[in-house]
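Notes to accompany the following structure.
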Amino acid sequence: MDTEELRQTLFIEVLLPLNLKNTFTYRVPHHLNEEVIVGKRVSVPFGRRKIMAGLIYSISDKPPVQYEARYIFDIIDNEPIVGDNQLQLWNWISHYYMSSIGLVYNAAMPAGLKLEGESKMILHPEYSEGSATLDDKETIIVESIKAGKELSISQATSLLKLNGIHKYIKSLYLKGVILLKEDINEVYKPKEVAFVFIAPNLQSDEELSTLFNTLEKRAKQQLKALMTFIQIVGMNGEIEKSELIKANVSGSAITALIAKDILVQEKRVKSRINLTEEESEIEGLQPEQAVALNKIKSAFEEPKPVLLFGVTSSGKTHIYSHLIKERLAQGKQVLYLLPEIALTTQLIQRLQIYFGSQLVVTHSKFSNNERVEVYHEISKGKPLLIVGTRSAIFQPFKNLDLIIVDEEHENSYKQHEPSPRFHARDTALYIASKNKINILLGSATPALESYYNALQNKYALVTLKKRFDNAILPQIEVVDMQLQKKQKRIRGIFSDTLLKAIEKNKANGKQTILFQNKKGYVPVLECNVCSWTPKCKNCDISLTYYKYQNNLRCHYCGFTQPVINQCAACGNKGIELIGYGTERIEDELSLHLPDLSIKRLDYNTTRLKNSHKKIIKEFADGNIDVLIGTQMVAKGLDFENVTMVGILNADHLLNFPDFRANERTFQLLTQVAGRAGRRKEEGIVYIQTSKPNHFIIERIKGNDYNAMYDTEIIERQSFHYPPFNRLIKITLKHKDALELYKLGVHCKSHLLSYFGDNLLGPEKPYVSKIRNLYILNFVVKMENTGIQIKEQKQKLRKAVSELEQDKKYNTTRIIIDVDPI
C-alpha cells in the first residue's frame, strides 16, 4: 500500500445502542485506516462528555454534509464481533417492526459487550503549582484531581453543580494544566478460578513422607488437608480450590499450606459454560414418528417451512433430536427455540444426555458474563446445538443449518417491552428464508395463522395423532360450578369433586398439577359496603394481595403498600377477598388436605437463578404431591407420575376482551391437560367452570382443534383479523389524562387522513394507566399482501414523523407495535 493510500481519509457510520433513527458519521485517524472493518467496535465521543462503544456499520470516503465529523478514539476489537448476516437481520427487524436500529443493536448484543465510558482528566506531567493563573472553579477541579489522581467530567459536573463545565475544562486544557484521558470500561470479565497443586519439588514419595512426619507433629489440620488432596487427585494432580473446600477441607489449612510453599495456587480463566462430555445414543423412533420424520425431510428438500402438528406427548422432541443429531454430524449448527425458561430445565437434562459438549444454552437468567462466553462460543462456528428463548435468534451463528421453534403458538415469543417488539417465531422464519435454512415449527395447538399457512400450502403440514408408546389422551371432566354451588358442594375455591379426586390421586401414589393463571393470594380486596378497592397509585389496576409477603403489590410497576384493614372511602372494616391466585390455592388446599406436600411454580417462586430447576426436580423425584402453577406448568413439562390435572377457573380466560381469547383458552387448557397421563396410565383432567356448555370447553373435551379452527377462522375473516389482515397498534402515552384525550382527538384526525376506514380507535386498553402514564390505542388494519403492508408502513412512518415534529407531542410517547398479540 503506497503513501497516498495510507493518507486516504476514511469516514465510518457508527451504530450506537440508543433509540436513534440514524447512524453517526465519524472520521478515522490515518494510522487506524487499515484496522477499520465493518463489525468491529470503536470508542467514539458522543455528546459533550460521553464516550461510547459503537459498532462500525459501513465505511466510505464521503464526509457528512450537515456537520463536521469528529474523530474516533480507538478500535476496540482485533476481529469483527458482528457478521454481515447479523447486520442484515438487525436491518430487517428495524424496518419490519418499525424500530430504531440502535435499539435492535442494544437488544441483540450481550450487555458485557457493550462498553461504558467517559472522558477523565489527569494533571499534565509538566504542570507545576503557580505556573498558570486559575480561577476559583478551576482551582477546585485541579485540587480534586490531585486528591484522586483523576477526575471524570461527570464527577466535576456534580462537584461544581454546573452544566457548563466544558468551558472550564477547555480553559485548563489550553493552559497546559490537564490532559484528557479516554477511559473505556469493558463490562465483561473472564471468570478466574484458583487451582492448587503440590509444589513440583515435593512431588516424590520421599519428600512427602518427610513432610507428613513434620505436619503430624505440628499441624494436623494441614496434614489432613494434604492427605485429602492426594486421595482425590493424587500426588501429581491438581484441583479447584473451591472443590477441595467442598471435600470438608479447612480453607485456613489450604491457605497455610500455600504460605509454606507446600501447595501452589494458580489463577486460571475458566469457561462459565457448563458442558458435559458424556453422550448417549438416541432411542429409535416408533412407526408413526418414523413416517413423520421422513415427511419432514422431504419437505426440507423443497425447501419449505414445516409445521409439525402433534398431540401432547406424541414424541415431537424425539423427532427433533434425530434431526439435530444428523445436522451436528454434518458439522452444522442448530437453533432450538423455547418460549419459557422453565421449559429448558427438563429438556436440557434430556438433550445433554444425547449431545453432551455440543449443547449450549442461553436465556435471560444468565449473567452478563455467561452471555458473553456463550456469544463467543457460538461465533467460532463449531457444530453446536443452541437452546434458548426468544433472544437466542440474535446469536452470531456461523454455520446455522436448522431452526426448531417448539410450542410455536406461544405468546412468549413476542417481545412487548422494550423495543424492538419482534416475534421470535416470525423472525426465525425470515432467517430461514433469507439464508435458505430449514425450519421446523412444532405444537400440539398451532397458532391459527400457522395452521392457515399450512392449509394454504405455504408450510408443509406433518401430523402426529397418537401419543408416544400408545399412551391414551386424558379423560376430560367438566365441573359445573353453578350446579355445585346449588348443591352446596363448594368448599372455598374448590369443588367437592376436585378435592376428592386430589385425595384419591394421593392415595394411589400419584401426583397432581393444579393450574390457575393468576399469581399472588387474591387479585382484589373489596369493601363489602361500598365496593371500594385499593388501587396502584401509578397504574389503573387493583393491587394484588400477597399473604406471605404481607403486602399489596402492583404487577405492572412493582409498587407495594401495607395490607389495609379498613376501607379508605367509608371507614368500614369489612374487607373481602375477591378471586384467588396461586398463593391462596396453596393455602386453602393445605387446610382441606393437610397431609399433602404442596409447592408453587410461578413468577414469585422462580425469580432466582435455578429456582425453577429445583422445584421441577423435586416434583420429578416425587417429593411433591401437588404442584400449583401459572402458565409455566402448561408448556412442555413431562412428569411420569402425574395422572391428574385440575384447572381451577376456565372462565377468566374465556371472558378476556381479545379477538384471540377463544384460541388462547383452547391452547392453554389443552396444553395443561396434556401434562396428565403421559405414560401407560390414562390421566384425568378436571375443568372448573360456570360455562360448561361453552363451545370452546366442548372442543377441549373432544380435543378437537379442527372444529375450534373452523369456527374461529370464519370470524377472523368476517371481521378482518389475522391471518386475513395484518395489524399495527399505535399507542399514545402521557402523564395527563385530559391532555392525552385532546391529543387522541387530534391524532385520530391526523391518522384518518392516511388510513381512513382502516383505522380503529382511539380506545383505552384494559389497563389504561401504567407507571403514571395514561394510555390510548389505535389499530391500523391492512390487507395481508406484501405491497399493501409496505405502503401502509411508509404512510405510518410519515404520519408519526409529522406528529413527533408537532410541539403538542413533545411530552408524549408514541409507540408502534407491528403484529401485536
Tell me which label goes with the value of volume of the Cα convex hull per residue in Å³ computed from the coordinates here: (1) 223; (2) 270; (3) 278.
-> (2)
Check: C-alpha center the stretch 345-364 vs C-alpha center the stretch 542-569, spacing in Å is 39
Using θ = phi - 60° and the Karplus relation 6.51 cos²θ - 1.76 cosθ + 1.60, list the HN-Hα couplings for the stretch 307-314 in order, rounded to whole Hz, with x at every Gly or Pro.
-> 9, 8, 9, x, 4, 4, 6, 8
Tell me, what ³J(HN,Hα) does each residue in the stretch 17-22 have, in order and in whole Hz, if you take phi through Karplus 6.51 cos²θ - 1.76 cosθ + 1.60 with θ = phi - 60° and put x for Gly and Pro?
-> x, 10, 7, 10, 6, 10
Run the accessible area of the chain with a 1.4 Å probe and give the carbon-and-sulfur part as a rounded percent.
-> 48
Thinking of the stretch 468-549 as a set of Cα atoms, what percent of all their pairs are more than 20 Å apart?
-> 60
Within the stretch 715-821, list the chymotrypsin sites (Phe, Trp or Tyr not before Pro) lying in a DSSP loop whose Cβ has at most 14 other Cβ atoms in a 10 Å radius.
-> Phe719, Tyr766
Can you give the longest stretch of the chain with no exposed loop site, where a site means GluC sites (Glu not before Pro) in a DSSP loop (not H, G, I, E or B) with at most 13 other C-beta atoms within 10 Å?
-> 302-639
For Leu20, the residues 5 or more places away or on another chain with a placed amide H closer than 5 Å to its own amide H are Gly102, Leu103
In the stretch 355-456, trypsin sites (Lys or Arg not before Pro) in a DSSP loop with at most 12 other beta-carbon atoms within 10 Å = Lys380, Lys436
Estimate the FRET efficiency between Asn201 and Ala329 by the formula 1/(1 + (r/R0)^6), using the beta-carbon distance for r and 45 Å for R0, to the nearest 0.05.
-> 0.40
For the charge dipole of the stretch 313-393, defined by +1 on Lys and Arg C-beta atoms and -1 on Asp and Glu C-beta atoms about the Cα centroid, which residue among Thr317, Ser367, Ala392 has the Cα displaced farthest towards the positive pole?
-> Thr317
Semi-axes a, b, c in Å (a largest) for the stretch 7-136, each sqrt of 5 times a Cα gyration tensor eigenvalue, come to 32, 18, 15
Answer in debye to the nearest 20: the dipole magnitude of the stretch 753-798 about its Cα centre, from +1 Lys/Arg and -1 Asp/Glu charges placed on Cβ, is 280
Residues whose modelled amide H sits under 5 Å from the amide H of Leu400, counting only those 5 or more places away in sequence or on another chain, are Gln333
Kindly write out, for the stretch 758-764 in residue order, the coupling ³J(HN,Hα) from the Karplus curve 6.51 cos²θ - 1.76 cosθ + 1.60 (θ = phi - 60°), rounded to whole Hz, with x marking Gly and Pro.
-> 7, 9, 10, x, x, 10, 6
May I ask which of Lys465/Lys701; Lys332/Lys614; Lys488/Lys573; Lys161/Lys735; Lys535/Lys729; Lys316/Lys518 have a Cα-Cα span longer than 21 Å here?
-> Lys332/Lys614; Lys488/Lys573; Lys161/Lys735; Lys535/Lys729; Lys316/Lys518
For Asn572 and Gln717, extending 7 Å from Cα along the Cα-Cβ vector and measuring point to point gives, in nm, a value of 5.2
Over the stretch 546-640, with neighbouring protein chains present, the accessible area per residue in Å² at probe 1.4 Å is 48
In whole Å, what is the distance between the alpha-carbon centres of the stretch 705-721 and the stretch 757-821?
-> 26
Over the Cα atoms of the stretch 656-766, how large are the radius of gyration and the largest Cα-Cα distance (Dmax), in Å?
-> 20.2, 63
Separation of the Lys191 and Asn91 label points, Cα + 7 Å toward Cβ, nm | 3.7
Would you mind getting the accessible area per residue of the stretch 349-471, heavy atoms of the protein chains only, 1.4 Å probe, in Å²?
-> 35
Built amide H within the under 5 Å cut-off of Lys519, gap 5+ | Thr582
Put +1 on the Cβ of each Lys and Arg and -1 on the Cβ of each Asp and Glu in the chain; which of Val193, Leu776, Tyr430 then has its Cα farthest toward the positive end of the dipole?
-> Leu776
Would you kindly find the accessible area of Ile245, with a 1.4 Å probe and non-protein molecules such as ligands, DNA and RNA excluded, rounding to the nearest 10 Å²?
-> 80
What is the gain in length, in nm to one decimal, between Glu281 and Asn810 on full extension, counting 0.36 nm per residue of separation less the C-alpha to C-alpha distance?
-> 184.3 nm
Where both residues lie in the chain, what percent of DSSP beta bridges are antiparallel, nearest 5?
-> 60
Please state the relative contact order of the stretch 604-690 as a whole percent: Cα pairs under 8 Å, 6+ residues apart?
-> 34
Per residue, how many Å² of accessible area does the stretch 665-821 show with a 1.4 Å probe?
-> 49
From most to least accessible, 1.4 Å probe, no ligand or DNA/RNA atoms counted, Phe300, Phe468, Phe366, Phe656 line up as Phe656, Phe468, Phe366, Phe300
Using only Cα atoms, locate the centre of the stretch 625-668 and the centre of the stretch 441-519, then give the distance between them in Å, rounded to an integer.
-> 7
Any chance you could run the full-extension gain for Thr210 through Ala247? It's 0.36 nm times the residue separation minus the Cα-Cα distance, nm to one decimal.
-> 10.9 nm
In percent, how large is the relative contact order of the chain, given Cα pairs closer than 8 Å and 6 or more residues apart?
-> 10
Does the stretch 200-248 come out rounded, prolate or oblate by the C-alpha gyration tensor, with a ≥ b ≥ c the root eigenvalues, rounded set by a/c under 1.5 and, if not, prolate when a/b is larger than b/c and oblate if not?
-> oblate
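The values are calculated or read from the model by the stated rules, or taken from the named source; none is laboratory data. Just so it is clear, the structure is predicted and the values come from calculations on it, not from any experiment. Because the Cβ atoms are built from the backbone with ideal geometry, glycine has one as well, and the counts that use them run over all protein chains shown. The area values use the complete protein model at the heavy-atom level, side chains included, leaving out ligands, DNA and RNA. Shrake-Rupley method; radii C 1.70, N 1.55, O 1.52, S 1.80 Å.
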